[in-house]
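Before any comments, here is the structure.
The values are calculated or read from the model by the stated rules, or taken from the named source; none is laboratory data. The model shown is predicted, which means the values in this text are computed figures rather than measured ones. As a convention, Cβ positions derive from the backbone with ideal geometry for all residues, glycine included, and neighbour counts pool all protein chains shown.
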Amino acid sequence: MMDTVKQMYPVVNDLISFLSDCYLVFDSKEVALLDAFIKKYETSDITPIKLYVDSIIRDYEYVKNCIIHSDISNGPTEGHNNRIKMLKRRSFGRAGIELINAYLTLEIRNTA
C-alpha cells in the first residue's frame, strides 16, 4: 500500500526523508547535525519544508539552546499555569473569589 502511495505521490519520499532527518537532529543533541539539516533543506522545493527551515534559521539561537540544554524544561511552570487557568475557567459566572478559594483549598488537600 505504501509503495502505491509513493508511486502516486513522489513527494512522500521527500517528506519521509525530511521527518527522519528532523527526528535525528532533535534526538541527537548535536548542533552540527542541526547545521547540516539546515543546509540540506533550506533550498527545498517543498514550501512547508522551506518555511519550517526558515523559521529554524530565524530562531537559530533558541533552537540550538534547546538541543544543547534538552534536560531543562519549563513543564512544571506550565503545569501550574494550566491548573490556575482551569480553576479560573471553572469559576467564571459563579460565586467569584469565594469559589476559587474553595477550589484551591480542595486542590491543596488532594495533593498533600
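Scanning the stretch 13-33 for residues that are of a type in the set (A, V, I, L, M, F, W, C) and more than 19 Å from Met1 (Cβ to Cβ), we see that the one that is surrounded by the most Cβ atoms within 10 Å (Cβ to Cβ) is Val25.
Of all residues in the stretch 42-60, at least one satisfies being touching a helix residue (DSSP H, G or I) at 6+ places or on another chain (Cβ under 7 Å) and either free of Cβ contacts under 8 Å to residues at least 12 places away in the same chain or of a type outside the set (A, V, I, L, M) (or both).
If you check Ser44 against the conditions, is it in a loop (DSSP other than H, G, I, E, B), surrounded by 13 or more Cβ atoms within 10 Å (Cβ to Cβ) and modelled with pLDDT of 75 or more?
Details: in a loop (DSSP other than H, G, I, E, B): yes; surrounded by 13 or more Cβ atoms within 10 Å (Cβ to Cβ): yes; modelled with pLDDT of 75 or more: yes.
The answer is yes for Ser44.
When the stretch 61-78 is filtered for residues that are within 15 Å of the chain's Cα centre (by Cα) and either in contact (Cβ under 8 Å) with a residue 40 or more places away in the chain or surrounded by 11 or more Cβ atoms within 10 Å (Cβ to Cβ) (or both), the ones remaining, listed by number, are Val63, Lys64, Asn65, Cys66, Ile67, Ser70.
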